[in-house]
1. Would you confirm, using the coordinates I've provided, whether V124 is in contact with an Asp or Glu (Cβ under 7 Å, 6 or more places away or on another chain), of a type outside the set (S, T, Y) and more than 20 Å from G74 (Cβ to Cβ)?
2. Restricting to region 102-124, name every residue that is of a type in the set (K, R) and not in a strand (DSSP E or B).
3. Return yes when K110 is buried (at least 16 other Cβ atoms within 10 Å of the Cβ) and assigned by TED's automatic domain parsing to the domain that holds V61 and no when it is not.
Amino acid sequence: MPSNVLPEIYRPSRRTVYELPLYACPVSAGFPSPAEDYLEGKLDLNQYLIKHPAATFFVRVTGDSMIGAGIHAGDILIVDRSLEPRDGKVVIAVVNGELLVKRLRMEKQKIYLASENSDYPPLVITDLMDFEVWGVVTNVIHPL
């Protein structure tokens, strides 16, 4: 089954604090202005991206089935297990022992996992499948 298989799972470090400057001014593509005048404070990305540290984990993506959602091979996803998986959310699911990233769809008493790439059909979840949602994807980290 072609899909985004997730081979690596990471836990966030709850002890790491790494604060970087946060500038409150808009970034100009034209004439530069003195940035020090706009220094707002420090930003710790752990606090900004991770709302529930004890329930959060990271996974690295392989495959291209979610490119329409801005999720590419090599990206790191931030996943929160404390959030309720709802229709339309991007989730990390386990189907028959395989970790997948897909958009959860629930319609007319049916559950299916939808790709964000027309090359991949939706996966209808049946009673014969071993299926579990591990968490809801909250953020995607990828290089430009």
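The values are calculated or read from the model by the stated rules, or taken from the named source; none is laboratory data. The shown structure was predicted, so the numbers you read here are calculated from the model rather than taken from an experiment. Virtual Cβ from ideal backbone geometry, glycine too; neighbours counted across all protein chains shown.
1. No, not satisfied.
2. K108, the sole residue that qualifies.
3. No; evaluated as a whole, the condition is false for this residue.
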